[in-house]
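Right, one structure below, let's go through it.
The values are calculated or read from the model by the stated rules, or taken from the named source; none is laboratory data. Keep in mind the model is a prediction, meaning the values are calculated, not measured. Note that we place each Cβ from the backbone using ideal geometry, even for glycine, and neighbour counts take in every protein chain shown. With ligands, DNA and RNA removed, areas are computed over all heavy atoms of the protein, side chains included. Shrake-Rupley method; radii C 1.70, N 1.55, O 1.52, S 1.80 Å.
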Amino acid sequence: MRVVDRTQLILDIFAARARSKEGKLQVELAQLNYLLPRLAGKGEGLSRLGAGIGTRGPGETKLETDRRRIRQRINSLKRELAEVKVHRQQQRRLRKKKGLPLIALVGYTNAGKSTLFNRLTGAGVLSEDKLFATLDPTVRRMELPSGMVALLSDTVGFIRKLPHELINAFHSTLEEVLEADLLLHVTDATDPALFDHIKAVREVLVDLGASDKPTVTALNKADLIDPNLLRGLESYLPGAVTISALTGRGLPELLARLEQELLSTRVEMKLLVPYKAGAIVDELHGQALVIKEEFWPQGTYLEVVVEKKMVPKLVRYQLNQQGEN
């Protein structure tokens, strides 16, 4: 009978859930990095690894051959993932050029992130009552109450003591969290271990270097919990938004809160930029959210949402209520 430890079990679940090429590469890399230092005593099963990668040399033991094959396969996987990373970085640059803010969904595995993602964006992402049902990041557009458009990213679920092999292998996927302007922490209000899971998510965010990101907490699955218990949870989590991703309860309040948080670090401005300062217009298209653009005789009229750090540079072009600079 095969016996596995906790890390191997998590790796096995990840392997069963991986669907994209990148997800499969990341899982295999994590498995091999975990296996390599524990190789002593393994049997012939390793002969399936890396078909055609090297052969047994003269005087080389079976253990040495297996280790060499694994190292070769690890290097091959790293090269393939490096190519995938370049493609992902290109996608991020294109998103940044459009100036749309990015919100990343984070939370303990099976908290309902993908259900909420589908509800807010209309996407058809796999949503099941399973651990780690989502391994591959998906990014979709969503509209906030004022008409402001943002991007929402669905990420892999976290877990207590997430194996470092997985954090390292899935780093390119989890970079979506690092790039986000705002985190939406989805929690399962029905889970008896709710507060332990909240702590676990925060610990993973610390490991990723994303603990200082502004965060909105959502108490999900409110339709499945006793109202008195729910009120108690709300008192322990002040500022959390109570929702049900399944029924839609609380989603208007959640969207309003997300918009409020995004705008707290941004300013809406009406600008009239002279044509001779066209470089400013180009910069705004690359780093701001351009809501409206018109070409007036005096220059380019823009209605934009910009980060506060850009305001000093733009204030000279700002229009007052009378439409004058």
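In this entry, residue 49 passes the filter for residues that are modelled with pLDDT under 85, surrounded by 13 or more Cβ atoms within 10 Å (Cβ to Cβ), within 16 Å of residue 75 (Cα to Cα) and of a type in the set (A, V, I, L, M, F, W, C).
In the set (1) part of a helix (DSSP H, G or I); (2) modelled with pLDDT of 85 or more; (3) open to solvent by less than 10 Å² (accessible area, probe 1.4 Å); (4) touching a helix residue (DSSP H, G or I) at 6+ places or on another chain (Cβ under 9 Å), the condition left unmet by residue 186 is number (1). Within region 201-210, which residues are open to solvent by less than 80 Å² (accessible area, probe 1.4 Å) and either touching a Gly at 6+ places or on another chain (Cβ under 9 Å) or over 28 Å from residue 249 (Cβ atoms) (or both)? Of everything in region 201-210, those that are open to solvent by less than 80 Å² (accessible area, probe 1.4 Å) and either touching a Gly at 6+ places or on another chain (Cβ under 9 Å) or over 28 Å from residue 249 (Cβ atoms) (or both) turn out to be 201, 208, 209, 210. Of a type outside the set (Lys, Arg), surrounded by fewer than 20 Cβ atoms within 10 Å (Cβ to Cβ) and under 22 Å from the mean Cα position of the chain (by Cα) - does that describe any residue in region 269-281? There is no residue in region 269-281 that is of a type outside the set (Lys, Arg), surrounded by fewer than 20 Cβ atoms within 10 Å (Cβ to Cβ) and under 22 Å from the mean Cα position of the chain (by Cα). If the condition is being more than 23 Å from residue 151 (Cβ to Cβ) and in contact with a Leu (Cβ under 8 Å, 6 or more places away or on another chain), then region 268-293 contributes 270, 271, 272, 273, 280.
The residues of region 214-231 that are open to solvent by 50 Å² or more (accessible area, probe 1.4 Å) and not in a strand (DSSP E or B), listed by number, are 214, 223, 224, 226, 227, 228, 229, 231. I'd like to verify a number: residues in region 87-113 that are within 17 Å of the chain's Cα centre (by Cα), at negative phi and outside any strand (DSSP E or B), how many? The number of residues fulfilling the criteria is 15. Picking from residues in region 282-291 that are part of a strand (DSSP E or B) and open to solvent by less than 80 Å² (accessible area, probe 1.4 Å), the one that is farthest from residue 101 (Cα to Cα) is 290. Number of residues in region 189-213 that are acidic (Asp, Glu), part of a loop (DSSP other than H, G, I, E, B) and under 16 Å from the mean Cα position of the chain (by Cα): the value is 1. Among the residues of region 33-46, those that are part of a helix (DSSP H, G or I) and either modelled with pLDDT under 85 or polar (S, T, N, Q) (or both) comprise 33, 38, 44, 45, 46. Checking each residue in region 69-94 for being within 16 Å of residue 25 (Cβ to Cβ) and out of contact with any Leu (no Cβ under 8 Å at 6 or more places or on another chain) picks out 72, 75, 76, 79, 82, 83, 85, 86, 87, 88. Hey, any hits in region 60-73 for a residue that's modelled with pLDDT under 85 and not in a helix (DSSP H, G or I)? Among the residues of region 60-73, at least one is modelled with pLDDT under 85 and not in a helix (DSSP H, G or I), which makes the answer yes. Condition first: touching a residue at least 12 places away in the same chain (Cβ under 8 Å), assigned to a loop (DSSP other than H, G, I, E, B) and either touching a Gly at 6+ places or on another chain (Cβ under 8 Å) or surrounded by fewer than 18 Cβ atoms within 10 Å (Cβ to Cβ) (or both). Now tell me which residues in region 238-248 satisfy that. Hits for region 238-248 are 239, 243, 244, 245, 246, 247, 248.
Filtered by the rule that a residue be under 25 Å from residue 309 (Cβ atoms), of a type in the set (S, T, N, Q) and touching a Lys or Arg at 6+ places or on another chain (Cβ under 8 Å), region 230-276 gives a lone residue, 265.
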